[in-house]
Amino acid sequence: MRNLLPPLLVAILFGFASAAHTAQTNYASSLGGANEAPPNTQVRSDQTSTTSFASGQAQTADYAANLPTLSAGFHVSIYANVPYPMKLSFAPDGALYVGRDGGSSNRIHKVDPCGGPVYEFGPPQADPDAVLFDASGWISGVPNSVLVGGGGILAAIFKDQTSTVIFNSGFSDVDDMKFDHRRRLVFADDLPRVLVSKGGPPRVLFSTPNRPSSIAIDDHNRIFLSIADGTIRIYNADGTVADNAFATGLAGFNIYLAFGPGEGGFGKALYVLNGTELLRFDKRGKATTIGSGFSIGPASGTGFVFGPDKSLYVSDYPNNRILKITKDHHEGGHKGPHCPKR
């Protein structure tokens with residue numbers, strides 16, 4: 001018969017185990033509670049979700065609520081809390097301008113470099129969901145302005161936060177807009193077409209089979225366009241079709257495109273937010289899934305851009321926040337501020 005531990009020693013050991021379990025539970029609870037931040041409350045970017053794929057299973061350690069799951073080497077964090085964020089556009093200095101969904105009296109937001117503070121910028125605009133920083137003043141006529149599209153109006157907000165209307169005819173509601181390497185503004189509106197401007201009134205560059213939702217432009221000025229039938233088409237700079245089915249079977253209006261910056265670990269591949277999935281496409285149109293669990297906001301309204309730090313930024317409309325995605329924790333080659341590790 002084996003000797004049993006004295007009753008007093010058993011009680012002491014049991015007490016230590018219970019205390020350790022309670023401390024661990026309280027720590028986990030405190031982490032969960034810390035993430036229930038109201039809009040405009042800064043959440044530190046060290047609250048990350050680190051994911052690895054082993055034996056086909058995703059293993060995720062979440063330190064912030066409801067973060068997407070990414071494949072090995074990619075990391076996601078909360079960059080800033082912004083109410084109902086839509087399209088995103090960075091200034092070279094790292095300031096982020098955020099479109100806003102709404103009626104005729106909404107103001108866009110500005111996020112100062114490195115994730116905050118966050119505040120409203122400029123006067124009220126008409127449905128200001130699309131934004132684009134005009135660093136050289138190619139369209140606004142004033143360097144370092146912010147173009148704002150919505151409600152059949154393209155306006156500019158200047159550095160002093162005054163504003164003027166640039167165009168108010170010849171197009172419908174602006175959905176997405178980008179600059180190409182010819183200094184042209186390329187944008188889509190609510191109709192099945194893409195328009196361009198070099199400072200004068202916009203003109204139709206080409207028509208599309210369905211309404212466009214997102215634009216990305218490569219180093220050769222080719223226009224990659226996602227449209228409502230779930231395809232990505234490629235057009236040459238003159239508007240002729242280069243590939244009418246680069247990718248098919250995607251998520252309709254909920255497709256967003258951005259080319260990698262060539263640095264920061266992302267390379268120059270085409271990255272696509274396809275509904276709740278993050279995809280990477282090679283030059284032949286072959287897709288690799290590198291993330292899942294993203295939120296879907298209003299149709300054609302999600303911001304999906306690379307910043308000057310070579311990280312990928314995604315607006316998370318339902319959760320009032322902007323997410324930052326890095327590759328192997330590497331940020332290199334950028335012209336903006338070098339933000340401290342947090």
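In the range 179-190, the condition of being surrounded by fewer than 17 Cβ atoms within 10 Å (Cβ to Cβ) and over 25 Å from the mean Cα position of the chain (by Cα) is met by no residue.
List the strands (runs of 3 or more DSSP E) that sit entirely inside the range 97-175 and contain at least 3 residues that are under 17 Å from Val82 (Cα atoms). Once the strands (runs of 3 or more DSSP E) in the range 97-175 are filtered for at least 3 residues that are under 17 Å from Val82 (Cα atoms), what remains is 106-111, 118-125. Meeting the requirement of 1 or more residues that are more than 15 Å from the chain's Cα centre (by Cα) and surrounded by 14 or more Cβ atoms within 10 Å (Cβ to Cβ), the strands (runs of 3 or more DSSP E) wholly within the range 235-296 are 241-247, 277-281, 287-292. Looking across the range 132-171, the residues that are among the charged types (D, E, K, R) and open to solvent by 50 Å² or more (accessible area, probe 1.4 Å) come down to Lys159, Asp160. Within the range 141-168, the set of residues being among the small types (Gly, Ala, Ser) and either under 23 Å from Ser213 (Cβ atoms) or in contact with a Ser or Thr (Cβ under 8 Å, 6 or more places away or on another chain) (or both) comprises Gly149, Gly150, Gly151, Gly152, Ala155, Ala156. Among the candidates Asp93, Asp129, the residue that is touching a residue at least 60 places away in the same chain (Cβ under 8 Å), open to solvent by 30 Å² or more (accessible area, probe 1.4 Å) and touching a Pro at 6+ places or on another chain (Cβ under 9 Å) is uniquely Asp93.
The values are calculated or read from the model by the stated rules, or taken from the named source; none is laboratory data. Computed from a predicted model, the values in this text were never measured in an experiment. Note that each Cβ is placed from the backbone with ideal geometry, even for glycine, and that neighbours are counted across all protein chains shown. Surface accessibility is based on the protein's heavy atoms, side chains included, excluding ligands, DNA and RNA. Shrake-Rupley method; radii C 1.70, N 1.55, O 1.52, S 1.80 Å.
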